[in-house]
Amino acid sequence: MEIRTLEDMLNAQATFLQQVQHQMTQLSHPQTQSAEASLQDKQALLTQHQQQLHAINQAKEAANRRYDEEIRQYTEAIARLAQEVQAHRG
């Protein structure tokens, strides 16, 4: 999943949270599985959650870098335009 906007990041986070809630609900209900199978499910779920969290954090960092770059570009453009306006006044 590529995160390009803040909305994309929020949607990814909401999807992740829904998945976590669904999986936690499934695990919290009594099951007729053996204790070992349940432990294996929990270990698999833990690994999946860790991977998803890592992916979301990477997407967040990438989005932040893009926003930082956009902010830098606007800041430079504003400074340049302000300097040009000042030069024409003075």
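The values are calculated or read from the model by the stated rules, or taken from the named source; none is laboratory data. Source: prediction; values computed, not measured. Virtual Cβ from ideal backbone geometry, glycine too; neighbours counted across all protein chains shown. Note: accessible area is taken over every heavy atom of the protein model, side chains too, but ligands, DNA and RNA are not part of it. Shrake-Rupley method; radii C 1.70, N 1.55, O 1.52, S 1.80 Å.
If you look at the Cα atoms of the chain, you get an Rg and a Dmax of 23.1, 83 Å.
Find the accessible area per residue for the chain; the probe is 1.4 Å, ligands and nucleic acids are left out, and the unit is Å². Don't skip to the end; give the middle numbers.
Working: 7560 Å² over 90 residues.
It amounts to 84 Å² per residue over the chain.
Ordering of 68-74, 17-23 by packing is 17-23, 68-74, highest average first (other Cβ atoms within 10 Å, averaged per residue).
How much of the accessible area of the chain, in percent, comes from carbon and sulfur atoms when a 1.4 Å probe is used?
Details: 4150 of 7560 Å².
Carbon with sulfur: 55 percent of the solvent-accessible area.
With the charge dipole of the chain set up from +1 on Lys and Arg Cβ and -1 on Asp and Glu Cβ about the Cα centre, the Cα lying farthest toward the positive end among the listed residues Tyr67, Phe16, Ile56 is that of Tyr67.
Counting only alpha carbon atoms, the long axis of helix 6-28 and the longest principal axis of the chain meet at about 10°.
Would you calculate, for the chain, the mean residue ellipticity at 222 nm contributed by helices, counting each DSSP H stretch of 4 or more residues as -39,500 (n - 2.57) and dividing by all residues, to the nearest 500? Don't skip to the answer; put the middle values down first.
Working: 2 runs with 78 residues, N = 90.
Here the helix-only value at 222 nm equals -32000 deg cm²/dmol.
Couplings 3J(HN,Hα) of region 45-57, computed from phi: 5, 4, 4, 4, 5, 4, 5, 5, 4, 4, 5, 5, 5 Hz, in residue order, whole Hz [Karplus 6.51 cos²θ - 1.76 cosθ + 1.60, θ = phi - 60°; x for Gly and Pro]. The stretch between Val85 and Asn57 holds 5.9 nm of extra length on full extension. This uses 0.36 nm per residue minus the Cα-Cα distance. Assuming charge only on the beta carbon of Lys and Arg (+1) and of Asp and Glu (-1), the dipole of the chain about its Cα centre is about 200 debye to the nearest 20.
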